[in-house]
Amino acid sequence: MNGIELRKILGQKNIGIQKLAERMDMSQSNLSKQFKVQDVKTGILERICEVLGVTMDFFYGGTKYMKNGGEGYVAKEETVGVAQEEDAAILYKKRQQSLADAKDQEIIFLKGQVQALKETIQMLGGKNSNVDVPMPLQKKNA
């Protein structure tokens, strides 16, 4: 986006250069210099967005840069909220996957323990001992 387009958009939104410069802690002349270039730096646009509390869509809506001629103005709080919800959803999915992985590991461990117990029972009961068939308990003579 060039400086002329940027000035035009700010003017349409009733945002004066002097007031914007004050909010950005810049001199008006320094900010004006930023608008005299063919391609305004993204960093400047980001700082303006931060000061105004909007996203980049604020500038690109209704211009040749915005696909499908978007609405233009999006409050920053809305996008932050959506981003936080998306982050929470991602974290939730990762946590669920982590829990599922832990359960899988525990199942593998327990299966190993069962197998070790079966082998121990076979060793104690002899070669022909069948683990799946319960062995009758013998009473000890006192």
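Structure values in brief
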read-out: Helices (runs of 4 or more DSSP H) within the stretch 1-63 that include 2 or more residues of a type in the set (Phe, Trp, Tyr) and in contact with a helix residue (DSSP H, G or I) (Cβ under 8 Å, 6 or more places away or on another chain); value: 57-60
read-out: Long-range neighbours under 6 Å by Cβ, at least six apart or interchain, first residue more than 17 Å from Lys8 (Cα to Cα) within the stretch 29-52, second outside any loop (DSSP other than H, G, I, E, B); value: Val51/Arg23
read-out: Selection status of Leu124, at pLDDT 85 or above, more than 30 Å from Val54 (Cα to Cα) and surrounded by fewer than 10 Cβ atoms within 10 Å (Cβ to Cβ); value: yes
read-out: Of all residues making up the stretch 1-14, the number that are at pLDDT 85 or above and buried (at least 17 other Cβ atoms within 10 Å of the Cβ); value: 0
read-out: Unmet criterion (only one of (1) modelled with pLDDT of 60 or more; (2) under 30 Å from Leu20 (Cα atoms)) for Phe109; value: (2)
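The values are calculated or read from the model by the stated rules, or taken from the named source; none is laboratory data. Predicted model, so just to flag it, every value in this text is computed and none were measured. When we count neighbours, we look across all protein chains shown, and the Cβ atoms used for this are built from the backbone with ideal geometry, even at glycine.
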